[in-house]
Structure formats: C-alpha cells, structure tokens
Amino acid sequence: MTEPDQPERTDEKNAAKQGTEHEREPTLLEQMGGVSGLIYSSVPVIVFVLANSLFDLPVAIWSAVGSAVLITILRIVRKEPLQPAISGFFGVAIAAFIAYRTGSAKGFFLFGIWASLVYCAALVLSVVVRWPLAGVVWSYLNGSGMAWRKDKHSRLGYDIATLALAAVFAARFVVQRWLYEEDYTGWLAFAKIAMGYPLYGLALLVVVWAVRRSDKRLKELETGEELTDAEIEARLRVKYGESPAPGTQ
C-alpha cells in the first residue's frame, strides 16, 4: 500500500536536495561581499574625503571610523554575515590609524596600497607551488574537497583565475601607489572605489569560469573511465577526423 507513495517521496527528497543546493549559492556570494558590499566599502572612503575637504584630518578620521561603525551595526541588525562587516571595520580603523600617525590624509589609503601588493604576491606564489588560491578558497567555502588538484586541466583553470585576481591587485598597487606619490588624495579615493568591487567582480567572472570548467571535467572523469593525456588526444583526433598519433591506437 505504501509503494505508490515512494516515487512521490523520492521526488520530494530530490526537490528538497535541489532547494538546499540553490540556497547555498547566495551564502557564498554574501561571504564574498555581496552586491551591497560595493556601497558599504565606498561610504567610509567618501565620508573621509568629504570631511577632510570641509574640516580637517582629525574630523575626517573620526567621521570615517564612525561611518564604519554604523555600517557594521547595520549589517548585524540586518543579520548579514559578520565576517565582511568585521573585516571592513578593522580595515577602516587601520587606515584611519595610519592617517593619524602620518598626519596626512593620503595615509588613509596606504594600508590598502601595500595590502594589494601582499595579496598579489600570495596569489602568484600559490600558482608557483601548485596550490592556486582561487581553487583552494572556493573549495574551502563549498566544502567540495581538493580533487581538482589531481587533474592538471582543472588546476590550469584555477591557475588562470588566480592570476586574474593577482592582476587586479597588481593594478591596484601600481595605480594607487603612483597617485599616492603624486599627492592626489581625491583621485586616490576614486581609484580605491573604482578598482575595488567593480574590478574584483570582473576577476570573479574568471573564477566562475574556472569552477564550471573544473566541475564539468571532474564529472566526466567520475562517470567515465580515466584516460591518459595521450588517449584523450587520440580520441579528439578521431572525433575531428585527424590521424591518431603513433602509439596511441
């Protein structure tokens, strides 16, 4: 009597499983900063520049820190992930402290400039040691494991994605360092915002490409037999009407 209900229960389980999978993606995007991250990260910078132009450096420092505190409280009230809120607050606090110690408004951007160089170096180093951070971080956030490291094609995709992120940080360092040396504080603020989430978003498109490429590749390896590079090349040659290489038949 209960057998006719089993297909329905199976469908319900599959639907629930698919629903759970769909619910995880927004959480990952939120951990990456979310759409609102651009606004949140821009407000303290804009407040600092405006306050410094209208008043003086101490007022600008406290205004930026105050806006960061308000943003943090807002994110907590809205029950958004705490990690971006806390890291954003401490980033503004460190920048404000450096500006206070240097006695210069442009010092507010010094921490971000050198942080970009450090991030770039770490990303490039991760590719050199064959642990591309784009793949490592994505796998950690999703709990999908490191099986992709055993497949050189998947690792190559993550290498490209990691280098794309490294290029973003390298561009930030070069441009903002030059503006810092030239005392263009206003343009520094513009560059920090324009080269922040918008530019980072472009690099994330490469990361998404690498993830999809790797997922597709790993599924093919799981569902079919694992082939050597020579065997894969031979099959591709047959598929496209080329003569197979000697010794691969």
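The values are calculated or read from the model by the stated rules, or taken from the named source; none is laboratory data. Source: prediction; values computed, not measured. Backbone-built Cβ (ideal geometry, glycine too); neighbour counts: all protein chains shown.
Inspection of region 68-88 finds a residue satisfying the criterion of being modelled with pLDDT under 90, among the hydroxyl-bearing types (Ser, Thr, Tyr) and under 22 Å from Met195 (Cβ atoms).
The residues in region 70-99 that are farther than 21 Å from Ala115 by Cβ and aliphatic (A, V, I, L, M) can be counted, and the count is 5.
Which of the residues belonging to region 103-150 are more than 30 Å from Tyr180 (Cβ to Cβ) and surrounded by fewer than 16 Cβ atoms within 10 Å (Cβ to Cβ)? Matches in region 103-150: Val129, Arg130, Trp131, Tyr140, Leu141, Asn142, Gly143, Ser144, Gly145, Met146, Ala147, Lys150. So for region 104-112 (the condition being of a type in the set (A, V, I, L, M) and not in a helix (DSSP H, G or I)), does at least one residue qualify? No.
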